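The values are calculated or read from the model by the stated rules, or taken from the named source; none is laboratory data. This structure is a prediction, so every number in the text was calculated from the model and none was measured. FYI the Cβ positions are ideal-geometry reconstructions off the backbone, even for glycines, and counts take in every protein chain you see.
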Amino acid sequence: MNSQKNTTPPISDAQTIGARIRSMRAEKGLSLTELAENAGVSKSYLSTVENGTGSRPGAAVLHKLAQALGVTLADVLGREVQATKAQGIPPSLREFAKQQNLPETDIEMLAGIKFRGETPRDAASWSFIYRAIVMSVQTEGQAE
């Protein structure tokens, strides 16, 4: 008898994500080299990602690739962002985004974040979360 209770399906496997990234790159008319340079990853690593031959890339790498492709992280993962008018973008996030002049893709990504089960309530909290993501992206980029 199997007692595992993990019923949450994986977001996407490495091959599915890789194929989606390759397709988006082709639609944008970018070469492998151009996308790698724009995202700040090596060409060989990007090739591995697109071929799905390695493990699934981390969130920081996927975020960099999404930005370089001009799409959302949800697009890369093949997910639909479902924001209702009631939920929308919290005013505190709009305030932070305006202060920092964030691109819409970053605002949409942040809008889906819950910290300790709740949406951040002020610009300072959004700033903390955003800085942590940026630092994670920079750190992961240095490790490659």
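Among the conditions (1) modelled with pLDDT of 80 or more; (2) not assigned by TED's automatic domain parsing to the domain that holds residue 26, the only one that residue 47 does not satisfy is (2). Tell me, yes or no, whether the stretch 70-77 has at least one residue that is closer than 18 Å to residue 112 by Cβ, touching a residue at least 60 places away in the same chain (Cβ under 8 Å) and touching a helix residue (DSSP H, G or I) at 6+ places or on another chain (Cβ under 8 Å). Within the stretch 70-77 (the criterion being closer than 18 Å to residue 112 by Cβ, touching a residue at least 60 places away in the same chain (Cβ under 8 Å) and touching a helix residue (DSSP H, G or I) at 6+ places or on another chain (Cβ under 8 Å)), the answer is yes, since at least one residue qualifies. Considering the stretch 15-114, the qualifying helices (runs of 4 or more DSSP H), each wholly inside and each with 1 or more residues that are small (Gly, Ala, Ser) and farther than 21 Å from residue 125 by Cβ, run over 32-39, 43-51, 59-69, 73-77.
Could you go through the stretch 65-73 and let me know if any residue there is modelled with pLDDT under 95, loosely packed, with under 15 Cβ neighbours inside 10 Å and not acidic (Asp, Glu).
Yes, the stretch 65-73 contains a residue that is modelled with pLDDT under 95, loosely packed, with under 15 Cβ neighbours inside 10 Å and not acidic (Asp, Glu).
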